[in-house]
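The values are calculated or read from the model by the stated rules, or taken from the named source; none is laboratory data. Here the structure is a predicted model, which means the values were calculated and not measured. Here the Cβ is made from the backbone with ideal geometry for all residues, glycine too, and neighbour counts use every protein chain on show. The area values use the complete protein model at the heavy-atom level, side chains included, leaving out ligands, DNA and RNA. Shrake-Rupley method; radii C 1.70, N 1.55, O 1.52, S 1.80 Å.
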Amino acid sequence: MTISYNWLSEYLPETLEPERLSKILTSIGLEVESLEKYESVKGGLNGLVIGEVLSCEQHPNADKLKITKVAIGESEPLQIVCGASNVEKGQKVIVATVGTTIYPVTGEPLTMKVAKIRGVESYGMICAEDEIGLGVSHAGIIVLPAEAETGTPASDYFKPYHDWIYEIGLTPNRMDAMSHLGVARDVCAYLTHHNKKDTRCKVPFNNSFKADNNSLPFTITVENETACPRYAGVSISGVTIAQSPQWLKEKLAAIGLRSINNIVDITNFILHETGQPLHAFDADEITGRHIIVKNLPEGTPFVTLDDKERKLHATDLMICNGDEEPMCIAGVFGGLHSGVKDTTKNIFLESACFSAISVRKTSLLHGLRTDAATRFEKGVDISGSVQVLKRAALLIREIAGGEISSEITDIYPAPKEKVQIAIKYHYLKKLSGKNYHQDAVSRILTSLGFEIIKEGMDELWVAVPFSKPDISLPADIVEEIVRIDGLDSIDIPTSITISPASETNGLKESLREKLSNYLVGQGFNEIFTNSITNSKYFNDEVLRSTVKMINNLSAELDVLRPSMLETGLEIISYNINRRNTNLSFFEFGKTYSTPAVGNYREEEHLSLYITGADHDESWREKGKVQDFYRAKGLITSLLKLTGLKEIRFENDQSGVAGADFYHGNKKIGKLYEVNKQKLDSFDIRQSVLYIDISYPELLVEIENQKIVYKEVPKFQSVQRDLALIVNRSTTFESLENVVKKAKLNRLKGVRLFDVFESDKLGKDKKSMALNFTFLDEEKTLTDKETDTMMLKLMELFQKETGAEIRK
């Protein structure tokens, strides 16, 4: 929410410095995210003065330059070289003296220095509009009227608008603070409480409203009273559509709004002043002078202000004319033909309260996020509709002329009752942690607009103002009291009492931390990607079971991801495009699918993405490209860390270069190299390995594992190596299976440490060197015992694989 300091100060009874006001706002829960100085003219024309050209002579060394003497109210005139074609003796001009910084419309700021131009010294500059930010013209220097006084600061003459702009981070429930008056009420409540005296904001409303005549009456019919509980309107005839006065333009520009015309600007001004959206219709476009608020049939075409035809939904509330033709989407967006135009002479001004649910649904269905819709969908003050309408009508008559040509018509069939809430003082103490005196509580609530209904020794009954539709519980009342007292005024307790919590689902979180620490130690970086992604990444088969977004805010984010791969590839592509090519990422995330309407599945994953070298090159060694075997070893080590030792890899049967990995018969995940077509779609030109682990399946397998503790062996293990000549197609896994068949209890481990291929070994042959670790936990192994076990292994290798023992 953008708030202007100058504008806000108009409603405060005392002047507060911008910094102090910023602290007050943050203290009462309206967090100031930024406070910036605003200047309608950059630099505020500081240092610029009005001068008079005393003489103007041709430059001896340049045809297009003039040498001028300019008086600026000081003892000596300045010599200034000027290149403007319109400079003449006797003119009143704007001068930037030496040391002054000017801020051109385009380009960087420029500080004036003494300059020598074609051999002649120049002590400043005579300025054009675009050179000091007063306009965009560069046709020549600015020539002021003759009565402009020499030596007057340009800032005093032009009076550029200065302000301070607050960006306030509002929580979604704070509809009451979505206006300058709403914020002013909170500030006055703070001052009332802390200064111990009644401080009321200066409201702009008065009781002087009176219709000039009744020459332009309108009939209003509300058919859907649920979606429109209150609708008020008034007509104004004979208005003149023109530019807004300077003060109005400046106020709107300061908060980032562009001036359109006086009528539209007034409705925007009222919106940001009071929080009540208004809409002005061209009264001559309303058939039968009849306003009908109703829903139209599904698919009814309607052309909105942006000149787009939209098909209406049956739930859209519409403002229609006497022929039941749509003119405006209620509370959301106006129509092209009924809006105020340059030729408009008569207007009908609407001030209404529309259902928050109805407006929010329509706004999302049509993708129209307007200021009005934002207010209505959070709830507006239903009690202020007519009061705000009177304020706007008087302002229009003052600025745009014309006459108020009807009485106010107010359709309010079922006046809303105020919500009543009882709050007990001990509950206030329990929730806030602070003892509040009853008088302080009453003073705070009264200053916020609450009505005290009943006050007892231990309980207080209040009626909630209509400007605070979010308040419905005693806890909400506590929040109001605490924030006006100051969120930083809560006492910090000297002790904290807690009850021990019973840990649930501890394995899931502790395992996540354990795996994360290990992967970071292996050089991985954790990433977090958006679970909403682009449907163009997936084929029709995948999209058939993909969860699609109904109200996606971006065309590129329209489905919940069915796979973790694509969002990871986005990050890889982003890094590679910035010359960061050696990447190891991991992510804990979720994928989504829907096998049938109303049936949704959510699955958790641990995904790893590997590409490039394992480390950057250095003078000592080059980085080694991370390949399939590096990834496979990483999986084995990662799962071994969790206690899963018997990991089995099987080739993927889908035609993808990769493998599925299992613990027993349970599939844990998959490893594969991403295909070229997929990489090309992300503009990736290097191979990427992808590991996808089903986190729930991993948890199940870990929970089923029995933890067995053994005493650390007292005796030393024995190492033996063995080289086998085998067929080139033989895998290490097949040799491991042979070792298992030997059933040697004292064999503790086997690993492959060398593979050698040569024609000397024989056609389609290779050598595989294995290392065996033997250990007897009861005694030291003898050479004879070790040799016996090795002999058994060699016999089995020869028998099962046809291996030849390499001597």
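Descriptive notes on the structure:
- Cα lying deepest toward the dipole's positive end in the stretch 28-118, options THR97, LEU45, ILE67, charges on Cβ: ILE67
- Listed values [x] 12, 25, 22, 16, 11, 7, 5, 2, 0; [y] 17, 50, 29, 4, 0; [z] 11, 26, 29, 20, 11, 2, 0, entry calculated as P(r) over Cα pairs in 20 Å bins from 0, in percent: [z]
- Pairs exceeding a 18 Å alpha-carbon distance, out of LYS424/LYS454; LYS202/LYS416; LYS645/LYS706; LYS418/LYS454; LYS740/LYS807; LYS741/LYS763: LYS202/LYS416; LYS740/LYS807; LYS741/LYS763.
- Estimated inter-spin distance, ASP754 and LEU364, nm [label 7 Å along Cα→Cβ]: 6.8 nm
- Surface composition of the stretch 690-807: carbon and sulfur atoms hold 49% of the protein heavy-atom accessible area at a 1.4 Å probe.
- Nearest-10 value in Å² for the accessible area of ASP371, using the 1.4 Å probe: 70 Å²
- LYS113-ILE707 pseudo-label distance in nm [points 7 Å out on the Cα-to-Cβ vector]: 7.3 nm
- Largest-first ordering by accessible area, 1.4 Å probe, given options GLU350, GLU621: GLU621, GLU350
- Surface analysis of the chain yields an accessible area of 53 Å² per residue, using protein heavy atoms and a 1.4 Å probe.
- Expressed as a whole percent, the accessible area of the stretch 466-603 that falls on carbon and sulfur atoms is 49 (1.4 Å probe).
- Of THR300, THR581, THR362, the order by accessible heavy-atom surface (1.4 Å probe, DNA, RNA and ligands excluded), from most exposed downward, is THR581, THR300, THR362.
- Cα centroid of the stretch 522-546 to Cα centroid of the stretch 1-57, whole Å: 47 Å
- Remark: the Cα gyration tensor places the stretch 133-221 in the oblate category, a/c being 1.5 or greater and a/b not exceeding b/c.
- Probe 1.4 Å - accessible area at LYS548, Å² to nearest ten: 120 Å²
- Accessible area ranking (1.4 Å probe, heavy atoms, ligands and nucleic acids excluded), largest first, for GLU455, GLU377: GLU455, GLU377.
- Restricting the stretch 478-544 to GluC sites (Glu not before Pro) in coil, as DSSP defines it, with at most 15 other Cβ within 10 Å: GLU503
- The stretch 239-352, accessible surface, carbon-and-sulfur percent (1.4 angstrom probe): 50 percent
- Unsatisfied cross-links (Cα-Cα over 30 Å) in the set LYS514/LYS624; LYS514/LYS792; LYS113/LYS159; LYS197/LYS430; LYS624/LYS792: LYS514/LYS792; LYS624/LYS792
- The stretch 222-252: GluC sites (Glu not before Pro) in DSSP coil with no more than 15 other Cβ atoms inside 10 Å: GLU223, GLU225
- Look at the Cα gyration tensor of the stretch 248-326: its axes a ≥ b ≥ c give a/c of at least 1.5 with a/b over b/c, and that counts as prolate.
- Filtered trypsin sites (Lys or Arg not before Pro), the stretch 303-390: DSSP coil and at most 15 other beta carbons within 10 Å: LYS308, LYS341, LYS345, ARG369
- Loop-exposed chymotrypsin sites (Phe, Trp or Tyr not before Pro) per DSSP, neighbour cap 11 Cβ within 10 angstrom, longest uninterrupted part of the chain: 1-527
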